[in-house]
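To keep things clear, I will list the structure first and then write my remarks on it.
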Amino acid sequence: MIQTKTKRRFSRSIVLLFTISFCTSTYSQSRIDSIINKLDPQKFAASIIKKTQKLEDMLVAKSMKVLNRLQSQEEKIHRNMLATKDSLQGKAALADIRTKYKTLQSKLMIPAIATVAKQYIPYLDTLSTALKFLDQNGIGRNIKNAIGNATSLQDKFQQAEEIRKFIRERKEELKEQLDKLGLIKQLNRFNKQVYYYTEQLKEYREILKNPKRRERKTLELLSKTKFFRDFMSKNSMLASLFRMPGDPNDPDYTASLSDLQTRVEVNNLIQKQIAAGGPNGMQQFQQNVQAAQAQLNLLKDKALKFGGSSSEDIMPEGFKPNNQKTKSFLQRFEYGTNVQTQPARNYFPVTSDIGLFLGYKPNDKSVMGIGASYKLGWGTGWKNINLTQQGVGIRSYVDWKMKGNLWLSGGFEMNYHTLFNSIDQLRNYSAWKQSGLLGLSKTLELKSKLFKKTKLMLLWDFLSYRQIPRTQPLIFRIAYNVK
C-alpha cells in the first residue's frame, strides 16, 4: 500500500516536471516569437548582406591596389640596389619579394583558411552572434547568407591584418638594408603607402560599426531579452576567447574554474614565500613585483610598436598625412547652402541670394567646388513687399585653410542681375556680369545639428568697379555645410 502511494507521488512529480519544462520552453519560444514579430529579420539580413559585401569588395580592392604599388616601389628600390656592391643580394631579394607579393594577392581572391587566433572585431562579433541567434530560432534563408557574408568579411579583415604586418616587416628590412647603402630616402614613398593602408583599415572598421537605422533597432530589441544575452555570453567569439561570467550552476562554467587557484590559496602561497625569505623577505618580494611590472610595461610597449594598429611609429619624418586619401571619392564631397542679403539700393529692391554648392576636398587644407544661386527680390520695404525674380548666378570657388578655422577664399562668378520673367531672357549673354571674389571665411562649430558647420564669409569683388551699374564691392555671406 505504501509502495503504491509512493509510486503515485513519484509519477505525479515526473508529470509535473515535464509540464513545467514544457510550459517554460513554450513560454520561452513565445517570448522569442514576440521579439521577432517586432522586427523584420529578412530585411535585417538583407541590409547586413549588402553592407558586408560592399565592405569586403572595398577591402579587397584596396589591398590589391596597395600590394601592386608597394611591389612596384620595392622593385624600383632593388634596381637601385643592383648598382651597389650588394647587387647579387639585390637580385635574389627581388625574385623573392615578387613571389611573396604574388602569394598575398592570390590569398585575397580565395576564402581564408581557418586560423587558431583571429583578429577580434567587436561589432562584427555582435552582428554574427545576432544572426546565429535568429538562425537557431528558424528564421529564413537570408539569415544563413548573411552569416556567410559576415564570416567572409571577418576572414578578409584577418587577411588585411596579415598584409599589414607583412608590409611593416618589409619596411623594417628595407630600412636596415638601405641605411647601410645610404639610400634611406628612397623608403619615404613606401612608408607613406604603409601609413595610408593602416589608416584605411581603421576607416573600414569605423564604417562597419556605424549601423543603419534598421540594424541598430534590431540589435537594441535583441539586447533587451535575456535569451539573446545568454546566447551571446555562450556563442560569441569573445566567449570562445575568454570564459564569460555565467551561472555557477552551469556545469561548463564550473568546469572552466576547476583548475584555477582561489584567492585564499594564492595569498597563502605568497605568505609562505615571504616567510621563507627571512627578515628581508618582504623587501625582496616588493623588488620582484617592481621588476615584473617593469617587464610587463616593456612587453606592452613592444606589443604597441610591432603588433598594434597605431600608425605613429611608421609615419615618415616630416610627413604630413592627407586624411582624405583614406576616404572614397564620394566621401570627399561636401555640399550645402549659403545666403546673402542686400538692402534696397538705387532702383534695386531688397534681395536675397540663395545658393547651393558642391565642393570636393583633394586634401585636408583645400576645397574646390561649383555652385548656383537664385536672387529673390522682396520689394523696397515692409510697406511695399513684392516677390520678384531678380537674377541667377553660376559660381566656382576655392578655399584654402590658413590656420585653425580660418580659410582664405576665392572664386569666380557669372551673375544675371536683371529682373526676368522667363528662361529665354537668360540667353542674353551680354547681360551677365563677371565677379572676381577674394576674402576670408571662418568656420564655426555649433551645437545645432542643422547648422553644425556654419561658415561666415567676407569677400571683396574686385571686378565690381567695372560693372554698370556698379554693384556692391564687399559681400557678406553665411554658408551652412550639410556634409
TODO: Please go through the residue pairs Lys50/Lys100; Lys43/Lys65; Lys62/Lys165; Lys54/Lys76 and name each one whose alpha carbons sit more than 27 Å apart in this structure.
DONE: Lys50/Lys100; Lys43/Lys65; Lys54/Lys76
Task: Separation of the Ile354 and Lys401 label points, Cα + 7 Å toward Cβ, nm - done: 3.2
Open item on the list: If each residue of separation counts as 0.36 nm, what is the full-extension length gain between Val482 and Thr99 once their alpha-carbon separation is subtracted?
Closed with: 133.1 nm
Task: Separation in nanometres of the label points that stand 7 Å from Cα toward Cβ, at Leu183 and Gln283 - done: 5.9
TODO: Can you check what the net charge comes to around Ser435, using other residues whose Cβ is under 14 Å from the Cβ of Ser435 (Lys, Arg +1; Asp, Glu -1)?
DONE: +3
- [ ] Give the order of Ser233, Ser128, Ser223 when sorted by the count of other beta carbons within 10 angstrom, beginning with the fewest.
- [x] Ser223, Ser233, Ser128
Task: Greater than 32 Å apart at Cα, pairs in Lys375/Lys483; Lys212/Lys375; Lys51/Lys325 - done: Lys212/Lys375
Task: Ranked by how many other beta carbons lie within 10 Å on average, peptides 204-211, 440-447 from highest - done: 204-211, 440-447
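Laboratory data are not the source of any read-out in this text; all were calculated from the coordinates shown. Predicted, not measured: the structure shown is a model, and the values here were computed from it. Every residue, glycine among them, receives a Cβ derived from its backbone with ideal geometry; neighbour counts consider all protein chains shown.
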